[in-house]
Amino acid sequence: MSALAGRRVVVTRQKGQAGALVERLQAKGAVVLELPAIEIVPPKDTRPLDTALESLESYDWVVLTSANTVNALLSRLTVLGLYPKLGSAKRRVASVGPATTAALRASFPEDRGVLEPRADFGAAGLLEAFAKERLNGRRVLVPASSEARDELASGLRGMGAVVDVVVAYNLIEPPGLGEAVGRCLADGFDLAIFASPSAVEAFARSAGSRAAGLPAAVIGPTTEAAARTAGLEVVGVASPSTLEALVLTAERVLGSNS
């Protein structure tokens, strides 16, 4: 029997993206409490993104940091009547990891070669992959969320790249999040799972002082740092940063506490 059987696990991924994680947890017997902590919406001003997409041919690289970024680009390129492939003979595409690459290939099937990390699926791993590329003077487009960290862009600039970061989507708190978190805390749970720093921060804001010491499993080092800053007790960090590893991490930490 899985260590997850009968255990109450909070999933904080946004609506429309929690399904695969929820299914994996439920297949192992977990009682899943779905509590989307963030919601994805288009940027209020799409002009910077549109301008960048209209001048894609001026870039040498497009760097994709999440499946959400891929979906945002697909939407805007379609609206602008520019839906081609993102890459070209001149312009290459980089992805932060397998989930983002899968979204890219589903939305832009003509894009074949993609640079991605070998194991560390995050900014640090992608920068390591870029270390073998000649970036001096190369123009790099980084579409990202409104809450994106600066680590990736700064690292690329340190390699000599000319980097443009544009907001592809905004992250907001879903209506009623505070009440939902309050009910979740009142009912109790064994583990909360976080797949992004933004979800951690939104959950912690709603929980307030009650966030201190809550058990959390997280998808990677960036989310881990956010969780520790928020006062959560990080009991497991998925490595590599995949949903499969996150489920195995949850199973392991709850097994050790049973």
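The values are calculated or read from the model by the stated rules, or taken from the named source; none is laboratory data. Because the structure is predicted, anything quoted here is derived from the model rather than measured. Because the Cβ atoms are built from the backbone with ideal geometry, glycine has one as well, and the counts that use them run over all protein chains shown.
Evaluate segment 225-248: report whether one residue or more is under 20 Å from Pro98 (Cα atoms), among the β-branched types (Val, Ile, Thr) and surrounded by fewer than 21 Cβ atoms within 10 Å (Cβ to Cβ).
There is at least one residue in segment 225-248 that is under 20 Å from Pro98 (Cα atoms), among the β-branched types (Val, Ile, Thr) and surrounded by fewer than 21 Cβ atoms within 10 Å (Cβ to Cβ).
Name, by its number, the condition in (1) more than 19 Å from Arg183 (Cα to Cα); (2) in contact (Cβ under 8 Å) with a residue 60 or more places away in the chain; (3) touching a strand residue (DSSP E or B) at 6+ places or on another chain (Cβ under 7 Å) that does not hold for Gln26.
For Gln26, the failing item is (2).
Please pick out the residue among Glu179, Glu173, Glu201 that is closer than 19 Å to Val9 by Cα, within 16 Å of the chain's Cα centre (by Cα) and of a type in the set (Asp, Glu).
The unique qualifying residue is Glu201.
Does Arg8 count as basic (Lys, Arg) and closer than 26 Å to Arg157 by Cβ?
In short, no.
Please enumerate the residues belonging to segment 135-161 that are more than 21 Å from Ala89 (Cα to Cα) and in a strand (DSSP E or B).
If the condition is that a residue be more than 21 Å from Ala89 (Cα to Cα) and in a strand (DSSP E or B), then Ala144, Ser145 are the ones that fit.
Among the listed residues Ala216, Ala186, Ala207, identify the single one that is free of Cβ contacts under 8 Å to residues at least 40 places away in the same chain, part of a strand (DSSP E or B) and not assigned by TED's automatic domain parsing to the domain that holds Ser58.
Checking each option against the conditions leaves just Ala216.
Could you say which residue among Val9, Val32 is in contact with a helix residue (DSSP H, G or I) (Cβ under 8 Å, 6 or more places away or on another chain), without any contact (Cβ under 8 Å) to a residue 60 or more places away in the chain and in a strand (DSSP E or B)?
Only one candidate qualifies: Val32.
Of a type in the set (Lys, Arg) and in contact (Cβ under 8 Å) with a residue 60 or more places away in the chain - does that describe any residue in segment 239-253?
yes
So which residues in segment 167-183 are small (Gly, Ala, Ser) and assigned to a loop (DSSP other than H, G, I, E, B), if there are any at all?
Gly176
For residues that are at pLDDT 80 or above and over 14 Å from the mean Cα position of the chain (by Cα), scanning just segment 114-123, find the one that is surrounded by the fewest Cβ atoms within 10 Å (Cβ to Cβ).
Arg118
Being crowded, with 19+ Cβ neighbours inside 10 Å, at pLDDT below 90 and farther than 26 Å from Gly137 by Cβ, is that true of even one residue in segment 47-67?
Yes: segment 47-67 contains one or more residues that are crowded, with 19+ Cβ neighbours inside 10 Å, at pLDDT below 90 and farther than 26 Å from Gly137 by Cβ.
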